[in-house]
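Here is the structure we will look at.
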Amino acid sequence: MMGADIRPIAVRRRWIARLADDRNFLGLVFMLPAAAILLVFLAYPLGLGFWLGLTDTPIGAPGHFVGLANFVSLAHDSVFWLAVFNTTFYTVVASILKFALGLYLALLLNRRLPFKSLLRAIVLLPFVVPTVLSAIAFWWIYDPQFSIVSWALIKFGLLHQYIDFLGQPWHARWAVIAANVWRGIPFVAITLLAGLQTISPSLYEAATLDGASSWQRFYYITLPVLSPIIAVVMTFSVLLTFTDFQLIYAITRGGPINATHLMATLSFERAITGGHLGEGAAIADAMVPFLLAAIMFSYFGLQRRRWQHGSQD
C-alpha cells in the first residue's frame, strides 16, 4: 500500500520537474500576467466599444441593437468629416515637425557640448510636465488680450494688434499643433539620441577618410542605421498624436466652430457631454482603421530596403 501511494507522488513530481525545465511552458507562465492585463484593460474595453457602437445606448439607460445605423449616420455627418480632416491634418503636420525638429535636436545633443547632461535634462522637461499643465500654459500664451507672443511682436513693430490665436479656425489649428510639437519633441529627440550613440565612430572616420561630406555621412550612415529606431519612434508618435485628447480638450474643447475637434474629442463630446454612448462609441470605432493605416504606413514605409542599406532598391 505504501508503494502504491508513493508511486503517483513520484510521477507527479517528475512531471512538475519536466514542466519547470520546459522553456516554452515557463515563457507561457511569465506571459500570463501581461496577457491578463491586456485582456482586462485593452481587449474588454475595445470589445465593449464595438458593441456600444452597434447600439443606441444613452447614459444611464439600457440601449437597443441598431446594427450599422450609427455608422450610416456618421457617413452623413459634416461635423464628423470635419473631425476626420482635423485629425489627419493634425497628425501628419505635427508628426513631421516633431520628427524633423527632434532629429535635429538629437544630432545637436550628440555632439561634444558643455553641460551636455544639463541640456538633456532641460530637453526632457516638456515631456515630463503634465499635459493639462502644458495646455493651461499654452492657453495663456494664446490669450487674445494677454498673449506674450502678440505682445512681443507688437513691441518689435511686427504687428499692430493682438492675434486671436484661438478665435480663428486656422489660427487655432496651427496653435494646437504648435503645442503638440513642443510637448512631443523631447520623446523623439531623446529616443533618436539613444540610437545615435550606438553608431560606431569608426564608421564616420572611415567615411571621412574616403572623402565623404557631412551630408553623405548622414545619408549613408546615420539614416540607415537609425531607420529601425525611426520606424518605432514615428509609429508611437503617429499613434499618440492621432489619439490626442487632453491637449485639445484643455486648450480649445474643439472650438472655434469645431475647427480643432479631433475624432477623440468629438467622441467624448457625443458620448459623455451629449449622453449618446452609442454614437460616441461609433466615432471611436471609426478611429481604428485610420490608426491601423497610419501605423502600417509609418512603420513599413520607413523599413524599406533603400533606407536600411542606403541604396535605391
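Checking the conditions here, which among 259, 264 is modelled with pLDDT of 85 or more and part of a loop (DSSP other than H, G, I, E, B)? Quick ask: steps written out before the conclusion?
Details: 264 fails: part of a loop (DSSP other than H, G, I, E, B).
It is 259.
With respect to the conditions (1) part of a helix (DSSP H, G or I); (2) within 16 Å of residue 174 (Cα to Cα); (3) basic (Lys, Arg), residue 270 lacks only one, and its number is (2).
Of the residues that make up the stretch 204-214, is at least one part of a helix (DSSP H, G or I) and buried (at least 18 other Cβ atoms within 10 Å of the Cβ)? No, that holds for no residue.
Would you be able to tell me the number of residues in the stretch 98-119 that are buried (at least 16 other Cβ atoms within 10 Å of the Cβ) and within 20 Å of residue 237 (Cα to Cα)? Lay out the reasoning, then the answer.
Of the stretch 98-119, the ones buried (at least 16 other Cβ atoms within 10 Å of the Cβ) are 98-99, 101-103, 105-106, 109-110.
Narrowing the set further to residues that are within 20 Å of residue 237 (Cα to Cα) leaves 98-99, 101-103, 105-106.
Residues meeting the conditions: 7.
Restricting attention to the stretch 223-246 and to residues that are in contact with a Leu (Cβ under 7 Å, 6 or more places away or on another chain) and in contact (Cβ under 8 Å) with a residue 60 or more places away in the chain, the residue that is nearest to residue 176 (Cα to Cα) turns out to be 244. Does residue 120 count as more than 22 Å from residue 259 (Cα to Cα), basic (Lys, Arg) and in contact (Cβ under 8 Å) with a residue 40 or more places away in the chain? In short, yes. Within the stretch 172-189, residues that are under 15 Å from residue 129 (Cβ atoms) and in contact (Cβ under 8 Å) with a residue 60 or more places away in the chain reach partners that are in a helix (DSSP H, G or I) and among the basic types (Lys, Arg) with beta carbons closer than 7 Å, at six or more positions or on different chains, in the pairs 181/98; 184/98; 185/98.
Can you tell me which of 134, 95, 78 is surrounded by fewer than 16 Cβ atoms within 10 Å (Cβ to Cβ) and among the hydroxyl-bearing types (Ser, Thr, Tyr)?
Details: 134 fails: surrounded by fewer than 16 Cβ atoms within 10 Å (Cβ to Cβ); 95 fails: surrounded by fewer than 16 Cβ atoms within 10 Å (Cβ to Cβ).
Residue meeting the stated conditions: 78.
In the stretch 143-167, of all residues being assigned to a loop (DSSP other than H, G, I, E, B) and in contact with a His (Cβ under 8 Å, 6 or more places away or on another chain), the one that is nearest to residue 259 (Cα to Cα) corresponds to 165. Scoring residue 83 on the criteria (1) out of contact with any His (no Cβ under 6 Å at 6 or more places or on another chain); (2) in contact (Cβ under 8 Å) with a residue 12 or more places away in the chain leaves a single failure, condition (1).
Beta carbons closer than 8 Å, at least 6 apart along the sequence or on distinct chains, pair a first residue in the stretch 190-211 that is under 30 Å from residue 127 (Cβ atoms) and touching a residue at least 24 places away in the same chain (Cβ under 8 Å) with a second that is charged (D, E, K, R) and in a helix (DSSP H, G or I) for 190/120; 193/120.
So for the stretch 168-190 (the condition being out of contact with any Gly (no Cβ under 6 Å at 6 or more places or on another chain), farther than 28 Å from residue 237 by Cβ, hydrophobic (A, V, I, L, M, F, W, C) and assigned to a helix (DSSP H, G or I)), does at least one residue qualify? No - not one qualifying residue is present in the stretch 168-190.
The values are calculated or read from the model by the stated rules, or taken from the named source; none is laboratory data. None of the values given here were measured: they were computed from a predicted structure. Heads up, the Cβs are rebuilt from the backbone with ideal geometry, glycines too, and the neighbour counts pull from every protein chain shown.
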